[in-house]
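Since the structure comes first, as structure tokens, the remarks are kept for the end.
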Amino acid sequence: MRRPTSVASDYDFIFKIVVIGDSSVGKSNLLLRFTRNEFRLDTQSTIGVEFANKQVIVDGKRIKTQVWDTAGQERFKTVIPQFYRGSEGALVVFDLTKWDTFEHVSTWVEEVYRHTPADLPIVLVGNKSDLIEQRRVSREQATALAEQLNLSYMETSALDATNVEAAFILLVSSIYEKRKPLQI
Ligand code: GDP
Ligand code: MG
């Protein structure tokens, strides 16, 4: 979004990003880890905010991300349309230790596309990679689904911070690459 040059701005772009997926896959903790470098065992009662901001640098540009959390609405397998309004990218998250959350990925992707442009960048995220013994979804299975749905794929751990920033940066870079040709 271009801002009037007369207004001093602390960023070059602002991107709204939504984080979606089944309940308890770790969406709120991915957001917490990325924006505040924190992790919580019980986020249900502590997270009341709808979104949090974090600035990243991509291609030398200061990009302010506004990352939106569902705040528990996803329990009803859908969220209100306002959640998606104006979003430029999505992280669709599943839990590597829960097969059913992986099975629901395509439903969440369909829901995202129902509310956003068809070419919206989406990164598929398999979270809780630290729980090695409990893993139920292989990297191959997830990669195959990502290819089928034409998404990027990353495995993260909000607990030990593995790939969390990388997943968000990958999404931000995809959004930026899409927007770059539109700049004058
Ligand atoms: P949400 O419902 O998708 O927002 O999920 P939460 O962020 O509330 O996380 C649900 C539960 O999973 C909480 O008990 C978290 O502490 C836990 N959790 C989230 N991410 C991870 C992770 O990467 N590894 C492990 N081991 N637990 C996680
Ligand atoms: Mg949550």
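Residue pairs, Cβ under 7 Å, 6 or more apart or interchain, first in region 21-39 and within 25 Å of E103 (Cα to Cα), second among the polar types (S, T, N, Q) and buried (at least 24 other Cβ atoms within 10 Å of the Cβ). List them.
Close Cβ pairs satisfying both conditions: G21/T101; D22/T101; V25/T101; V25/N127; G26/N127; L30/N127; L30/T156.
Can you tell me which residue in region 125-184 is nearest to T107 (Cα to Cα), limited to those that are assigned to a loop (DSSP other than H, G, I, E, B) and at pLDDT below 95? Break it down stepwise before answering.
So the first thing to find is which residues in region 125-184 are assigned to a loop (DSSP other than H, G, I, E, B), and the list is 128-138, 150-151, 157-163, 183-184.
Filter once more, keeping what is at pLDDT below 95: 183-184.
Details: Q183: 33, I184: 37 Å.
Top of the filtered list is Q183.
Which residues, counting only those in region 133-184, are among the β-branched types (V, I, T) and in contact with a strand residue (DSSP E or B) (Cβ under 7 Å, 6 or more places away or on another chain)?
Scanning region 133-184 gives V137, T143, T156, T162, V164, I169, V172, I175.
Would you call S28 within 13 Å of ligand 2 (Cβ to nearest atom), in contact with a strand residue (DSSP E or B) (Cβ under 9 Å, 6 or more places away or on another chain) and polar (S, T, N, Q)?
For S28, the condition - within 13 Å of ligand 2 (Cβ to nearest atom), in contact with a strand residue (DSSP E or B) (Cβ under 9 Å, 6 or more places away or on another chain) and polar (S, T, N, Q) - is met.
Considering only residues that are touching a residue at least 60 places away in the same chain (Cβ under 8 Å) and not aliphatic (A, V, I, L, M), look in region 136-177 and name the one that is surrounded by the most Cβ atoms within 10 Å (Cβ to Cβ).
Keep residues of region 136-177 that are touching a residue at least 60 places away in the same chain (Cβ under 8 Å), which gives 156, 158-159, 161, 164-165, 167-169, 171-176.
Keeping just the survivors that are not aliphatic (A, V, I, L, M) gives 156, 165, 168, 173-174, 176.
Values: T156: 29, E165: 15, F168: 27, S173: 18, S174: 19, Y176: 21.
It comes out as T156.
Before we move on, is V93 modelled with pLDDT of 95 or more and within 11 Å of ligand 2 (Cβ to nearest atom)?
yes
The values are calculated or read from the model by the stated rules, or taken from the named source; none is laboratory data. The structure presented is a predicted model; accordingly, all values stated were derived computationally and were not measured. All Cβ positions, glycine included, derive from the backbone under ideal geometry; neighbour counts span all protein chains shown.
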